[in-house]
Amino acid sequence: MSPTATASLRKESDVASDLLANDLRALRKSRGLTLAEIALKLGRSVGWVSQVERGLSTPSIGDLREFAALFGVPISLFFAHEAPVEAERGVVVRSGRRRTLGSSESGLVEELLSPDLGGSFEMLRSIFAPGAGMAKPVTRPTEEAGYVVSGGFDIEIDGTWHSLGEGDSFRFDHKPFRWRNPGTAPAVVIWVVSPPVY
């Protein structure tokens, strides 16, 4: 391999490492946890957690599983880092480079439309399978809003069900919610969450 190709691979690896570090830091901060609390929960030193968050240490797959469990996110969130063009990094997400979360078995697949997990909100493209639904309401410490791009989509907010169709939108703040797709086609919803939960 040529020195130029080796340098290019090293640079891409550094960018991916920086993106992972930024995401781990954003997840910790969005949950109001300190470095010491994370270290205690993972059974690691504060120094190690700090180095991971600064991109100076690379966590193992086992470590990433523990981070995913701790933050309540799918481990796949940590593996889809493609180094964007430098000028677009942290600003633009190309359609072919979205990070996909969830699986078709769960009835919900989400694509991260935001460039990373930093900032005060995240934007997702959520695809709800026909007949899928959330069994029990959940309450998150977030303000959330959505826009139905296609399909039929029902959402229960604070005990009241709302049937939405293409072009409809919703918003709620720190309220219990659950969803279902009553139709025979996938429902696509652009979902905004503040602060980020993924």
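Laboratory data are not the source of any read-out in this text; all were calculated from the coordinates shown. Since the structure is predicted, the reported quantities are computational estimates derived from the model, not experimental observations.
Could you give the DSSP H helices of the chain that reach 30 angstrom or more along their long axis (alpha carbon positions) and whose average Kyte-Doolittle hydropathy is no lower than 1.0?
Result, helices passing both filters: zero.
Please pull out the direction-averaged projected area of the stretch 147-198, using the convex hull of its alpha-carbon atoms, in nm² to one decimal place.
The number I arrive at for the stretch 147-198 is 3.7 nm².
Which number comes out as Rg/Rh for the stretch 90-194 once both Rg and the Kirkwood Rh are worked out on C-alpha atoms?
The Rg/Rh ratio comes out at 0.95.
How much length, in nm to one decimal, is gained on full extension between T100 and A69, taken as 0.36 nm per residue of separation minus their Cα-Cα distance?
Between T100 and A69, full extension yields 9.4 nm more.
Normalised by the number of residues in the chain, what is the relative contact order in percent for Cα pairs under 8 Å and 6+ residues apart?
It comes to 19 percent, rounded to a whole number.
Give me the orientation-averaged projected area of the Cα convex hull of the chain, in nm², one decimal.
Average of the hull's projected areas for the chain equals 12.8 nm².
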